[in-house]
Structures are given as C-alpha cells and as structure tokens.
Amino acid sequence: MNYKTSNPEENKKIVSEFLEKLLPKEDIATVVGLYGDLGSGKTTFTKSLAKFLGVEGVVISPTFVIEKIYSLENKPFKHLIHIDAYRIEKSEEMLNLGWQKIVSDKENLIVVEWPERISDILPEHIKIKFDHITENERAIEIFE
Ligand code: ADP
Ligand code: MG
C-alpha cells in the first residue's frame, strides 16, 4: 500500500488501518522494519502506533536507549517494543540485549528503526519504507 502524508498528524489514519489488520503470528513475535533516512518519519510513525495501542505519555526516540518496551492492555499484543538500531554496529549487540527472547514471544510487536543494521538476525518481517518528499510531505509504503 502506498500513502502520502502532508503533516505528522496524517500518520494516524495509516496507522489505524495498519493495526486493524495486524494480528499476532502463531509462532514468533511480529516484527515491523521501518526503512528510511534520518527525518523521514520513522519515529513519528512509531509514536502514532504507540498512541493507538494505548501507550500513555511521550514515546521518545530511543536512539540513545536502543530498546524501549511498553506494556499494552486489552490489545492483541502484550508488548510494543521499539528498537532504534542506528547505533548498533554488530548484531551481537542486539543479541546481548535479549533479542532472541523478545523475538520468540508471539505476544510482542517489535518495531525496528534502521533494520538494515541488524538484517542478519531479523526474521521475516513487515517492511515499511519512508521517503522524504518535501519539508512536510512523506511517502509511506507498506509491504506485507
Ligand atoms: P526518523 O525517525 O525517520 O529519523 P522522525 O520521525 O524523528 O524521523 O522525524 C520526522 C520529522 O519530520 C519530525 O520532526 C516531524 O515533525 C517532521 N515531519 C514533517 N512532516 C511530516 C510528515 N508528513 N510525516 C512525518 N513527519 C513529518
Ligand atoms: Mg527515529
């Protein structure tokens, strides 16, 4: 699916449509890779996603944190896990953060910014590609 937004608010509609169809897998966590340059809207999309899932408060960019885990209530998933792999140099760093454990839990929804940094340990995942068009316009393409 292809979308175009003219401001960050417009992510809401895309996110609600995306989440409506998203159900846990039978074996492992659901992983979503957010591809795109700095400033293309990956964190903005994740914030919108978190809001729809009932996460309260601000979802900060975890660039300096790498991984943030939010508990969800009354949702198909029990946790939203937001990973920003920008600063990861080797996938082992992710393994050291307990990657295998979070991926093996089918109740986890894992959203990864800069998934190409850990491509060798990512399972099959939903890909979302963000493109900067103008200052306030972004193209969002979802490959499912
Ligand atoms: P990334 O995580 O990909 O580096 P961010 O989501 O942190 O990007 O930053 C995107 C920036 O672009 C934010 O400052 C946001 O306010 C701005 N922006 C402007 N227009 C849009 C839009 N249509 N969609 C998303 N972000 C937008
Ligand atoms: Mg970001």
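The values are calculated or read from the model by the stated rules, or taken from the named source; none is laboratory data. Quantities reported herein were computed from a predicted structural model and do not represent experimental measurements. Note: ideal-geometry Cβ built from the backbone for every residue, glycine included; neighbour counts use all protein chains shown. Side chains included, ligands, DNA and RNA excluded: accessible areas come from the protein's heavy atoms. Shrake-Rupley method; radii C 1.70, N 1.55, O 1.52, S 1.80 Å.
Rolling a 1.4 Å probe across the protein heavy atoms gives region 2-143 an accessible surface of 55 Å² per residue. For residue 35, the residues whose amide H sits under 5 Å from its own are 128, 129, 130, ignoring neighbours fewer than 5 places away on the same chain, with H placed 1.01 Å from N. Taken one residue at a time, the phi angles of region 31-48 give Karplus couplings (6.51, -1.76, 1.60, θ = phi - 60°) of 10, 10, x, 9, 9, x, 5, 4, x, 7, x, 5, 5, 4, 4, 5, 4, 5 Hz. Gly and Pro are set to x.
Between residue 20 and residue 1, residue separation times 0.36 nm minus the direct Cα-Cα distance comes to 5.4 nm. Positive end of the dipole of the chain (Cβ unit charges, origin at the Cα centre): among 115, 33, 69, the Cα lying farthest that way belongs to 69. Along region 110-119 the Karplus relation, 6.51 cos²θ - 1.76 cosθ + 1.60 evaluated at θ = phi - 60°, assigns HN-Hα couplings of 10, 10, 10, 8, 6, x, 5, 5, 10, 4 Hz to successive residues, with x for each Gly and Pro. The calculated FRET efficiency for residue 120 paired with residue 27, based on their beta-carbon distance and R0 = 25 Å, is about 0.80. Residue by residue, region 79-91 carries 3J(HN,Hα) couplings of 9, 9, 10, 9, 10, 10, 8, 3, 8, 7, 9, 10, 4 Hz when phi is fed to the Karplus relation 6.51 cos²θ - 1.76 cosθ + 1.60 (θ = phi - 60°); x denotes Gly or Pro. In this simple spin-label model, placing a label point 7 Å from the Cα along the Cα-to-Cβ direction at both residue 93 and residue 133 gives a separation of 3.4 nm. Under the criterion of Cα pairs below 8 Å and six or more residues apart, the relative contact order for the chain equals 37 percent.
Figure note: 67, 56 ranked by solvent-accessible area, largest first, 1.4 Å probe, ligands and nucleic acids not counted: 56, 67.
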